[in-house]
Amino acid sequence: MSAFDQQPWSCRCEWGPEAVAALAPADVIVIVDVLSFTTCVDVTVSRGGAILPYMWKDASAEAFARAHDAELAGRRREARYSLSISSYLDVSPGFRCVLPSPNGARVTLAAAGAAPAVFAGCLRNARAVAEAAQRAGTTFNVIPAGERWADGSLRPSLEDWLGAGAVLSHLPGGRSPEADAAVVLFERYRDALPDTLRRCSSGRELEQRGQSNDLALAFDLDASASAPRFDGVAFVAN
């Protein structure tokens, strides 16, 4: 048994793709990337679409999109679909999009096959995902994806810690200290999410890009009943 696996508890929490292997095996993995991958997933799947995670936006992503008869997302403000949450507000049922992301998509691909059920969680669907997770099992690894510094290293982000805490707050069973800390943080800021997300580093970055609408969508706690589940290729309705 590793000191880092949090095995004694049924509710666990650890950062980034390395957490998939570090944590003890669980029935359910919930990936949280509030700004913006898993919130994009929620908005799309709640409208009848599907998101296919991919790690990098390169020639291989283009080939992957063609092979799966899907759109390929591009850069914010340069492409119709991107990591901008609002770009998915008008999608129709049957829509499929390959969404490259070095954070949420990267963790998803690391988690593929590591648990019987893998869900995309965010603030918008925290309760719905927790309820679906309980139907799928009794042990839960909740993994906030975090962001990246310029050198590529992990930057733990407040919004993902809050999102993880929101999901964990609805899950039964004993919590590891890491999971409990995420819940305590969420409960501290639950009634001030809009202001908190606007003032945190990631929120200020989006504000500077002129994407305040994405923030409004991201902090709309439990606005969605969607619980997107990864089927090995795409996040689809559970």
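The values are calculated or read from the model by the stated rules, or taken from the named source; none is laboratory data. Because the structure is predicted, anything quoted here is derived from the model rather than measured. So basically every Cβ, Gly included, is an ideal-geometry build from the backbone, and we count neighbours across all protein chains shown. SASA here: full protein model, heavy atoms, side chains in, ligands and nucleic acids out. Shrake-Rupley method; radii C 1.70, N 1.55, O 1.52, S 1.80 Å.
Brief remarks on what is shown
- Counting Lys and Arg as +1 and Asp and Glu as -1 over every other residue whose Cβ lies under 15 Å from the Cβ of THR196, the net charge comes to -3.
- Dimensionless Rg/Rh of segment 1-115 - Kirkwood Rh, Rg from C-alpha atoms: 1.03
- Cut-off under 5 Å, modelled amide H: who pairs with ARG155 long-range: GLU147, ARG148, TRP149
- With K and R counted +1 and D and E -1, the other residues having a Cβ less than 10 Å from that of LEU23 yield a net charge of -3.
- Backbone phi angles across segment 143-150, fed through the Karplus curve with coefficients 6.51, -1.76 and 1.60 (θ = phi - 60°), yield HN-Hα couplings of 10, x, 6, x, 10, 10, 6, 4 Hz in residue order; Gly and Pro are listed as x.
- Convex hull volume per residue in cubic angstrom - Cα atoms of segment 140-238: 140 Å³
- Computed on segment 134-238, with alpha-carbon pairs under 8 angstrom and 6+ residues apart, the relative contact order is 17 percent.
- Accessible surface of PHE4 - all protein chains present, 1.4 Å probe, nearest 10 Å²: 150 Å²
- Simple Cβ-charge dipole of the chain, Lys/Arg +1 and Asp/Glu -1, about Cα centre, in debye nearest 20: 300 debye
- Order by protection proxy (mean Cβ within 10 Å, highest first), peptides 96-105, 38-47: 38-47, 96-105
- Interchain or long-range residues, amide H under 5 Å from TRP15's placed H: none
- Residues in the chain average 42 Å² of solvent-accessible surface per residue, probe 1.4 Å, ligands and nucleic acids excluded.
- Sequence-distant residues sharing a close amide H with LEU72 (under 5 Å, placed H): VAL98
- Normalised by residue number, the volume inside the convex hull of the Cα atoms of the chain is 112 Å³ per residue.
- Most mobile listed residue (GLU71, GLU62, GLU131) in the chain, GNM with C-alpha springs under 10 Å: GLU62
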